[in-house]
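This report refers to the structure that appears directly beneath it.
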Amino acid sequence: MAHLRPLWLAIAAIVTTALTFGPGTTAHAQVVAGLKTDYGPTVDAPLRDALNEGILDAFDQNSLYSYIRADRVRSQLNPVVRDCFTADCLIRAGEATGAQAGLRLSVREEGQIYDWSLDIFELQEGTALVEDRGVCELCGRAEVVNQVRTAIIANLATLNLSDRGAPPRAEALDTGSTQAATPGQKRLRISVVPADTRILLNDEDVGRGEVTLEVEPGQQELRFASETHRDLRETIIVSESSPELIMVRVHLSGAPAPQRMVVTRGDGFVDHIEDKRLAYGWAGVGAGALLTVAGILLIAQDGDPTCADGTAYSRCPTLYNTAAMGVTFTVLGTTAMAAGAVLLTWPLLAGEAEEAEPVSLNVGPALGRGFAGVRFGGRF
């Protein structure tokens, strides 16, 4: 029996090791509660199911964290806390679920453009740990799910809840930079596909493909410009309560943007009255026509006696002197008609310069012996 003793000791050691490390790994896994999965009304049921499966798959690939589905968590939460993400509500959610962190995912779809946002909160002090944003243009269902799943996996890889309430290790995401953000500022990490896309922050070119910047709290305007893909604009709100690292991921549409020449109309008078342009145009044409007719009549009356017809010239020496007023009315009228016509045809006249022929329009009074009228001339 003595020779069996080492065998029993080996078996006991194996069992002890299995009991110690097997259950212990699961017991010490930090719990992340699904606080909310908010899918817009245009996100169909198959995509919703695929996104939920994508979340589970992301956690399956990380043994440090376990995940409680959002439907189970919300059934345990007080209704007042379910859609509240203030520090107090987050702490109460942590107490109710026993989780160390909470996850919120929002996905919206409009015109085949998917906007998604991922937030991870620490539930002891109610602070934000992760704020990740993404846009996917003209993407398929699998592409959207993969983008969200990849974002969760990447953020879990850098998340550290050992010291509860500590922010994620942002330096692990930077390329060669380990400096912390300046106090009062936040880090904004932007990545875009395709990689040669220009990134503009508040109309300033900050790089291509992927950049990490320090930004002040406030509204930040992002623009993504590509020669082969459709341009995109996004607005990011940075607040004091935002996490130290804010991530934005963008996937531009694969369809080339139409190349066209646009004639900029600037900030002129017509641009300011665009909503009333037609009304002003018709008013100019109408008033101009009346003034022109009155001017022609006054010109025609010039030199006629002021007395009634049949009165002898010796008894009526006074003649009408209306030529000057008639010319003035005619000039004003033709000018008003021309201005009205320009306003009515402004979109045509201000069209694409490379295709339009030069257009000129001349309107003026025509005077001569025994006649008066309006002269139109131009090249079309």
Amide H within-cut-off set for HIS251, under 5 Å, with H built and near neighbours excluded: VAL135, CYS136, GLU137, VAL193
Euclidean distance of C-alpha centroids, segment 118-160 and segment 51-70, integer Å: 12
Cut-off under 5 Å, modelled amide H: who pairs with LEU129 long-range: ILE120, PHE121, GLU122
In order through segment 85-94: 3J(HN,Hα) via Karplus (6.51 cos²θ - 1.76 cosθ + 1.60), integer Hz, x for Gly, Pro: 10, 6, 4, 5, 5, 5, 5, 5, 5, x
Most to least accessible of THR42, THR212 (protein chains only, probe 1.4 Å): THR42, THR212
Nitroxide proxy distance, nm - points 7 Å out along Cα→Cβ at ARG72 and VAL211: 4.4
For segment 280-294, Karplus couplings with θ = phi - 60° (6.51, -1.76, 1.60), whole Hz, Gly/Pro x: 5, x, 5, 4, x, 5, x, 5, x, 5, 5, 5, 5, 4, 4
Cα→Cβ-extended label distance, 7 Å offset, between ARG230 and ILE113, nm: 0.7
Ordering of 290-301, 114-125 by burial proxy (mean other Cβ atoms within 10 Å per residue, highest first): 114-125, 290-301
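Is there a quick way to get the dipole size of segment 84-162? I mean about its Cα centre, with the Cβ of Lys and Arg at +1 and of Asp and Glu at -1; what is the value in debye to the nearest 20? Don't skip to the answer; put the middle values down first.
On the way: 6 positive and 12 negative charges, 43 e Å.
Roughly 200 debye for segment 84-162.
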Karplus (6.51, -1.76, 1.60) ³J(HN,Hα), θ = phi - 60°, over segment 328-336, in Hz, Gly and Pro reported as x: 4, 4, 5, 5, 4, x, 5, 5, 5
Theoretical gain in end-to-end length, GLN30 to VAL293 [0.36 nm per residue, Cα-Cα removed]: 85.7 nm
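The values are calculated or read from the model by the stated rules, or taken from the named source; none is laboratory data. Just so it is clear, the structure is predicted and the values come from calculations on it, not from any experiment. As a convention, Cβ positions derive from the backbone with ideal geometry for all residues, glycine included, and neighbour counts pool all protein chains shown. Side chains included, ligands, DNA and RNA excluded: accessible areas come from the protein's heavy atoms. Shrake-Rupley method; radii C 1.70, N 1.55, O 1.52, S 1.80 Å.
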